[in-house]
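The values are calculated or read from the model by the stated rules, or taken from the named source; none is laboratory data. The structure presented is a predicted model; accordingly, all values stated were derived computationally and were not measured. Here the Cβ positions follow ideal geometry from the backbone for every residue, glycine too, while neighbour counts run over all protein chains shown.
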Amino acid sequence: IGRRFICSMATEPLPKQVDETNMDAPKEIFLKDYKEPDYFFEKVDLNFQLGEETTLVFSKIFVSPRVEGCLAPLVLDGVDLKLISLKVNGKEVKGDDFHVDSRHLTLSSLPSGKFTLEIVTEICPQKNTSLEGLYKSSGNFCTQCEAEGFRKIIFYQDRPDIMAKYTCRIEGDKSLYPVLLSNGNLIEEGELEESKQYAESLTQNLDPCTRSHAMYSLKAAMKWDEDVFGLEYDLDLFNVVAVPDFNMGAMENKSLNIFNSKLVLASPETATDADYAAILGVIGHEFFHNWTGNRVTCRDWFQLSLKEGLTVFRDQEFSSDMGSRPVKRIGDVSTLRSYQFPQDAGPMAHPVRPHSYIKMDNFYTVTVYEKGAEVVRMYKTLLGASGFRKGMDLYFKRHDGQAVTCEDFFAAMRDANGADFSNFMLWYSQAGTPRLNVVSNYNAVAKTYSLKFSQEVPPTPGQPIKEPMFIPVALGLLGSDGKDMPLSSVYHDGKLESISNNGQPAQTTVLRVTKKEEEFVFNDIPERPVPSILRGYTAPVRLDSDLTDADLHFLLANDSDEFNRWEAGQVLARKLMLNLVSDYQQNKPLVLNQQFINGVKSILCDSSLDKEFIAKAITLPGEGEIMDMMEVADPDAVHAVRSFIRKQLAAELKNELHNTVKNNRTSEKYEFDHQNLLRRALKNTALGYLGSLEDAEMRELALHEYKTATNLTEQFAALVALDQIPGKVRDEVLADFYNKLQHEYLVINKWFALQAMSNVPGNVENVRKLLDHPAFDMRNPNKVYSLIGGFRGSLVNFHAKDGSGYKFLGELVVQLDKINPQVASRMVSAFSRWKRYDEMRQNLAKAQLEMILAANGLSENVFEIASKSLA
Ligand code: ARG
Ligand code: ZN
């Protein structure tokens, strides 16, 4: 049994990485304080000697001062490291010339020119439960360095503008660590002297079937980036690694992408269509980072959206091209509304490019990622596909191999197109979701149609007053025949602007709304049109308009823009839900209006529509979306109303829904192909409605679907349908599912989440019991996200009036923080919108935040979220 080693060379710097609890007071870091480093690192040679107790890391760094003769000390980051030796230019550094504290190694009296720094550190990956730096997961060593984790591996200037080239050598006992992988191209590999130890191999071979979808996704992503952006992969090898213990989704390490295993492994029996789609998107996302993230990287972490917003945009476009564009857009906008809007309206609101942070990990947010992607999408909306491509080409031409800022991206887009972007950069600096209001007026005599826009950006922490934003609004006008009217010119800002698509009148035009108040007047409009505003959702704003219910029904039936067709239905549903919520609060009986039922019925039965679109269109806006629109969020009322509408629709449309289930069963074997996917989406949505009925026949139906399912997508959907009504059937089917699938840990996580989210009153006790379930493990983030994260999604139980839900989460956050601060921090954020609720709930949630803040040895991660939430 020899020791194996490999050496590799990353042709690009390693992506930077994460970090730590500390006795010192948490320190806030500001964008405005950015300074170039005093010392650059040109090259770094790393050597890892992996061991079962400790690991030794040898680093040799080639340092060059930015300015010759620099006298400044060199401050290296380092957390949880044991310094074994330290040499400058080959000579041991004397005690007076360096200083180590819990976060830094500071060197003084350095040579005036270039020098080498050799440092040996000892670390204990086996004891590292934070899952950042080097840690051991299910028998495998794994690193996670973004954002600030590299400092848990060696002493280093752990910041993204240190653009060193690396070589990396890894040595380990072959019997224990048969596969060694590093970044970049392989230089050499081989065997060393005989080793004394012996142990069983821990590496499991994956069933080739479980990785075939990831491989398909990777190939598709490579081809797509070549076709759409002309970007090719640049190394001789590319590895995709699945690890079961991972804080986030995945990581784009150059040539060595690392994934949370739930985002790689999939078979029809263990993954749903949603999982297959997520894998496609995330495999694409990490691959796309090779250009947008690795070859061009961020100057500092405030610029995170430079790579994340852009790469999310790229993966969204990739998924759209691989499937259905409108349906993908609907899903992405729903996510934005359900998660990003609330964040943007709460105490953690921050701009796409934050101004400050305590822990960077807390800023891997829906704002930086999803709103950031919307910002990139706006460039494309304004410039068109070919203008956007020109901008991207220039961005790579200028910045390949550099660490840059959001201004650089903006400048490339502007310069490549000679475009006037006025105040567009405000999207990076102003937090808060703009409110855009539209008032319309038709002048039958002059045959003109006017739209008056006004906008308001709400105050957010640290930003009481805002300037108006640059909002691109795609717009079409529908005639009474339901068709788009040709648009030839618009009067705006004292000028008549012609609107045309290569000489032809346009059907959709993009208005550039840039002022607080602004009017656009269309000419030659023969009759009062119905406007389709913000087609495809061209800007991340909350839109209000004077459209009547009749207009909305008209759009729902006729709009050529599928997104806005769906949106019209959602606007109607949101109005209806808010009205019923207020009835509920006033103890009035709930009655569902017949026009709404008819609307849902006509969509459900419209065979000309895409089935997945139907599934989306008959799905009500989420509970969170409705709560977000209320003055005082009322979880009981929102939950009661949404359940009431679902049940009413199910009862009224029972036959139609039943037929939908029967007509959309899968006969052949599972395929993740478009046709089958659509069918399953529609069938499962229909079954979900029917499961809400206390109706023996429908329970039989769901049970039948459960038993005969040939794939997890349909099996799990049937389980979800049956989960809605407490009782013997539910208990039995949950137990059966566990018995059959207990060996599939990713599937069991879904089983945990389903039970945790249950709105059966008093379920907190059941969730407490599940913490002791043999399959649960607090050290595994996926399990925590399923069980504890899932619980936060239960309106009834998380927000229980007796405070039991808040207390449960509060206690767990404190426990979790000792194991994994990043995961604890994500859990504590459920409290951050406590001021949205009634006084009683406010007091209960506040008490938990205070209890958490008083806990001993609290991490900076949790401190930042909890303290900002209370501020
Ligand atoms: N760059 C990764 C991605 O989005 C995310 C890494 C985040 N890690 C963290 N600890 N915050 O693909
Ligand atoms: Zn990313």
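Which one is surrounded by the fewest Cβ atoms within 10 Å (Cβ to Cβ), of the residues in the stretch 64-77 that are part of a loop (DSSP other than H, G, I, E, B) and charged (D, E, K, R)? Among them, the one singled out is Glu68. At least 3 residues being within 16 Å of ligand 1 (Cβ to nearest atom), under 25 Å from the mean Cα position of the chain (by Cα) and at pLDDT 95 or above is the threshold, and among the strands (runs of 3 or more DSSP E) wholly inside the stretch 78-162 those reaching it are 133-137, 140-144. Considering the conditions (1) of a type in the set (A, V, I, L, M); (2) more than 12 Å from ligand 2 (Cβ to nearest atom); (3) under 27 Å from Thr167 (Cα atoms), Leu304 is excluded by exactly one of them, (2). The set of residues in the stretch 246-265 that are among the polar types (S, T, N, Q) and either more than 13 Å from ligand 2 (Cβ to nearest atom) or in contact with a Phe, Trp or Tyr (Cβ under 9 Å, 6 or more places away or on another chain) (or both) comprises Asn247, Ser255, Asn257, Asn260, Ser261. The set of residues in the stretch 646-695 being among the charged types (D, E, K, R), in a helix (DSSP H, G or I) and more than 34 Å from the chain's Cα centre (by Cα) consists of Glu652, Lys654, Glu656, Lys662. Can you find even one residue in the stretch 855-871 that is among the polar types (S, T, N, Q), assigned to a helix (DSSP H, G or I) and surrounded by fewer than 21 Cβ atoms within 10 Å (Cβ to Cβ)? Looking for residues that are among the polar types (S, T, N, Q), assigned to a helix (DSSP H, G or I) and surrounded by fewer than 21 Cβ atoms within 10 Å (Cβ to Cβ), one finds at least one in the stretch 855-871, hence yes.
Scanning the stretch 1-54 for residues that are under 26 Å from the mean Cα position of the chain (by Cα) and either away from ligand 1 (no atom under 16 Å from the Cβ) or at pLDDT 95 or above (or both) gives Glu28, Ile29, Phe30, Leu31. Against the numbered list (1) more than 30 Å from Glu407 (Cβ to Cβ); (2) crowded, with 19+ Cβ neighbours inside 10 Å; (3) in contact with a His (Cβ under 9 Å, 6 or more places away or on another chain), Val296 comes up short only at (1).
When the stretch 304-335 is limited to residues that are charged (D, E, K, R) and closer than 15 Å to Glu252 by Cβ, the one that is farthest from ligand 1 (Cβ to nearest atom) turns out to be Arg314.
The single condition among (1) within 16 Å of ligand 1 (Cβ to nearest atom); (2) aliphatic (A, V, I, L, M); (3) buried (at least 22 other Cβ atoms within 10 Å of the Cβ) that Met248 does not meet is (3). Among residues of the stretch 318-331 being in contact (Cβ under 8 Å) with a residue 40 or more places away in the chain and within 15 Å of the chain's Cα centre (by Cα), the one that is surrounded by the most Cβ atoms within 10 Å (Cβ to Cβ) is Ser319. If you go through the stretch 621-645 and pick out every residue that is surrounded by fewer than 20 Cβ atoms within 10 Å (Cβ to Cβ) and assigned to a loop (DSSP other than H, G, I, E, B), you end up with 5. Of the residues contained in the stretch 558-570, one or more are found to be more than 32 Å from the chain's Cα centre (by Cα), within 28 Å of Gly479 (Cβ to Cβ) and modelled with pLDDT of 95 or more. Answer yes or no as to whether Arg377 is in contact (Cβ under 8 Å) with a residue 40 or more places away in the chain, away from ligand 1 (no atom under 16 Å from the Cβ), of a type in the set (Lys, Arg) and surrounded by fewer than 20 Cβ atoms within 10 Å (Cβ to Cβ). It is false that Arg377 is in contact (Cβ under 8 Å) with a residue 40 or more places away in the chain, away from ligand 1 (no atom under 16 Å from the Cβ), of a type in the set (Lys, Arg) and surrounded by fewer than 20 Cβ atoms within 10 Å (Cβ to Cβ). Entry remark, the stretch 548-562: residues being closer than 24 Å to Gln594 by Cβ, in contact (Cβ under 8 Å) with a residue 60 or more places away in the chain and assigned to a loop (DSSP other than H, G, I, E, B) number 1 in total. If only residues of the stretch 341-371 that are in contact (Cβ under 8 Å) with a residue 40 or more places away in the chain and within 11 Å of the chain's Cα centre (by Cα) are counted, the one that is surrounded by the most Cβ atoms within 10 Å (Cβ to Cβ) is Thr367.
No other residue among Gly384, Gly391, Gly372 is within 15 Å of ligand 1 (Cβ to nearest atom), out of contact with any Pro (no Cβ under 9 Å at 6 or more places or on another chain) and of a type in the set (Gly, Ala, Ser) apart from Gly372. When the stretch 121-165 is filtered for residues that are crowded, with 21+ Cβ neighbours inside 10 Å and of a type in the set (Val, Ile, Thr), the ones remaining, listed by number, are Thr121, Ile123, Thr143, Ile153, Ile154.
Looking at Thr405, Thr433, just one residue is touching a residue at least 40 places away in the same chain (Cβ under 8 Å) and either closer than 22 Å to Glu456 by Cα or aliphatic (A, V, I, L, M) (or both), and that residue is Thr433. Among residues of the stretch 829-850 that are more than 17 Å from Asp628 (Cβ to Cβ), those with a Cβ under 6 angstrom from a residue that is outside any helix (DSSP H, G or I), sequence gap 6+ or separate chain, pair up as Leu844/Gly803.
Checking the structure you have, find out if any residue of the stretch 723-742 is touching a helix residue (DSSP H, G or I) at 6+ places or on another chain (Cβ under 7 Å), more than 23 Å from Ile614 (Cβ to Cβ) and aromatic (Phe, Trp, Tyr). Checked against the condition, which is being touching a helix residue (DSSP H, G or I) at 6+ places or on another chain (Cβ under 7 Å), more than 23 Å from Ile614 (Cβ to Cβ) and aromatic (Phe, Trp, Tyr), the stretch 723-742 yields at least one hit.
Within the stretch 771-788, being crowded, with 18+ Cβ neighbours inside 10 Å and over 22 Å from Asn128 (Cβ atoms) holds for Ser786, Leu787. Met222 falls short of the stated requirement of being of a type outside the set (Val, Ile, Thr), more than 21 Å from Glu744 (Cβ to Cβ) and within 16 Å of ligand 1 (Cβ to nearest atom).
Taking the conditions exactly as written (more than 30 Å from Asn711 (Cα to Cα) and in contact (Cβ under 8 Å) with a residue 12 or more places away in the chain), does Val296 satisfy them or not? For Val296, the condition - more than 30 Å from Asn711 (Cα to Cα) and in contact (Cβ under 8 Å) with a residue 12 or more places away in the chain - is met.
All conditions in (1) touching a residue at least 40 places away in the same chain (Cβ under 8 Å); (2) touching a strand residue (DSSP E or B) at 6+ places or on another chain (Cβ under 6 Å); (3) away from ligand 2 (no atom under 13 Å from the Cβ) hold for Ala242, with the sole exception of (1). Criterion applied to Trp301, Trp291 was being touching a residue at least 12 places away in the same chain (Cβ under 8 Å), surrounded by fewer than 24 Cβ atoms within 10 Å (Cβ to Cβ) and more than 13 Å from ligand 1 (Cβ to nearest atom), and the one residue passing it is Trp291.
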